[in-house]
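Presented below is the structure to which this report refers.
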């Protein structure tokens, strides 16, 4: 009987185990689903943050800003690091005597003197040319509310606002609104985004 000494046998190959040390990896399609879910979640969070702190869409209620804005218009409002400037259309979170947001135009800011005389708005002693958004010489004290006495200097941290439709607008001409604290300014209306036939920049 032949001796087994000197006969070499090939070593048995070990079966390759999972590359992660014994744990089975999930199928590739599951990993893709997880990655998509994470991306969609991150995108949703980013959109919420943008629309909370950077831009908002606000509906215009009423005709106090005609012809610039119509009731029912949706405007895109930008408020991040915003500092009100004369001529800007702004959305106010609230003002004394009002519960709903107001959409008005900034006429004067802190330190400026405002006067209304003969239908004309005067800022720092000069007549204001408002022909770009309303008719000059049509600004009088409103029929409703307690009128504010003029001239007035806008206090620090406040703005003086008017609606473009001067005959019906409830704005800084009446004591219920008066000078508006800048903390109540949500932001500047930068564009009409709805209805689609009225899309435009402001």
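The values are calculated or read from the model by the stated rules, or taken from the named source; none is laboratory data. All figures in this text were calculated on a predicted structure; none of them were measured in a lab. Glycine also receives a Cβ, built like all others from the backbone with ideal geometry; neighbour counts cover every protein chain displayed.
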- request: Can you tell me which residue within the range 41-64, out of those that are under 18 Å from the mean Cα position of the chain (by Cα) and within 22 Å of residue 104 (Cβ to Cβ), is modelled with the lowest pLDDT?
  value: 54
query: Do we find a residue being under 16 Å from residue 90 (Cα atoms), at pLDDT below 95 and assigned to a loop (DSSP other than H, G, I, E, B) anywhere in the range 190-202?
result: yes
task: Of the numbered conditions (1) surrounded by 14 or more Cβ atoms within 10 Å (Cβ to Cβ); (2) outside any loop (DSSP other than H, G, I, E, B); (3) at pLDDT below 95, residue 169 fails exactly one; give the number of that condition.
output: (2)
statement: The condition from (1) over 18 Å from the mean Cα position of the chain (by Cα); (2) crowded, with 21+ Cβ neighbours inside 10 Å; (3) modelled with pLDDT under 95 that residue 185 misses is numbered (1)
message: Being touching a helix residue (DSSP H, G or I) at 6+ places or on another chain (Cβ under 9 Å), over 20 Å from residue 154 (Cβ atoms), at pLDDT below 80 and not in a strand (DSSP E or B): is that true of residue 26 here?
response: yes
